[in-house]
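First comes the structure, then the notes that go with it.
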Amino acid sequence: MPSFKVDLSTAVVFVATAPEPKMVNKRTGERAVDRDNPNIGMSTVGLLVSDEGEGNLYQVTVPETGLPEGLAPGTMVAVTGLKARDWENTFNGEKRHGISFRAVAVTPLGA
């Protein structure tokens, strides 16, 4: 499925939840890795995006190389290369769908 660039040029973005390792299988502890470089683990960070009087919380997947140490909730950040992709799958006979978000990097502003 195609992905689409997300324009944050007029938005204010804050960290809502600190980065955590993205897991492929929580039972086995298998961590998700970058599909382009399997030596790089992926993490998920919650971002609050405020734009045009509306705020939304997004869970964004980012390679660990694109996340600085100590990224804490409340930190204002810049997001590089944010893309959205729709997805659909069937799990236990139930169809599910949604939108996933992926970025190249999340960096603190003013750092």
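General observations
- Other-chain or far-sequence residues with amide H under 5 Å of Ala32's (modelled H): Lys22, Met23, Val24, Met42
- Only one residue of Thr28, Phe4, Leu109 has its Cα farthest out toward the positive end of the dipole of the chain, where Lys and Arg carry +1 and Asp and Glu -1 on Cβ, and that residue is Thr28.
- Cα gyration tensor category, rounded, prolate or oblate, for the stretch 1-78 with a/c compared to 1.5: prolate
- Protein accessible area in the chain, 1.4 Å probe - carbon and sulfur %: 52
- Percentage relative contact order, the chain, counting C-alpha pairs under 8 Å, at least six apart: 29
- Heavy-atom accessible surface of the chain, averaged per residue, reaches 68 Å², computed with a 1.4 Å probe.
- Across the stretch 27-32, coupling constants 3J(HN,Hα) worked out from phi with the 6.51/-1.76/1.60 Karplus curve, θ = phi - 60°, read 5, 8, x, 6, 8, 5 Hz, and Gly and Pro carry x.
- Fluctuation leader among Asn89, Asn25, Asn56 - the chain, Gaussian network, Cα springs under 10 angstrom: Asn89
- Taking a point 7 Å out from the Cα of Asn89 in the direction of its Cβ, the residues of the stretch 1-23 whose backbone N falls within less than 16 Å of it are 1, 22-23.
- The stretch 28-111: GluC sites (Glu not before Pro) in DSSP coil with no more than 15 other Cβ atoms inside 10 Å: Glu52, Glu69
- Cα-Cα P(r), the stretch 65-111, percent of pairs per 5 Å interval: 5, 17, 19, 17, 12, 10, 11, 7, 1, 1
- J(HN,Hα) series, the stretch 36-48, from Karplus relation 6.51 cos²θ - 1.76 cosθ + 1.60, nearest Hz, glycine and proline x: 8, 9, x, 8, 10, x, 9, 10, 10, 10, x, 10, 9
- Simple point charges give the picture: +1 on the Cβ of Lys and Arg, -1 on the Cβ of Asp and Glu, and for the chain a dipole about the Cα centre of about 380 debye.
- For the stretch 52-62, backbone phi angles converted through the Karplus equation (6.51, -1.76, 1.60; θ = phi - 60°) give residue-by-residue couplings of 6, x, 10, x, 9, 9, 10, 8, 10, 8, 9 Hz, Gly and Pro being listed as x.
- Overall form of the stretch 32-111 per C-alpha gyration tensor (a/c, 1.5; a/b vs b/c): oblate
The values are calculated or read from the model by the stated rules, or taken from the named source; none is laboratory data. Note that the structure is predicted; figures quoted are calculated from it, not measured. Virtual Cβ from ideal backbone geometry, glycine too; neighbours counted across all protein chains shown. In case anyone asks, the SASA skips ligands and DNA or RNA and just uses the protein heavy atoms, side chains included. Shrake-Rupley method; radii C 1.70, N 1.55, O 1.52, S 1.80 Å.
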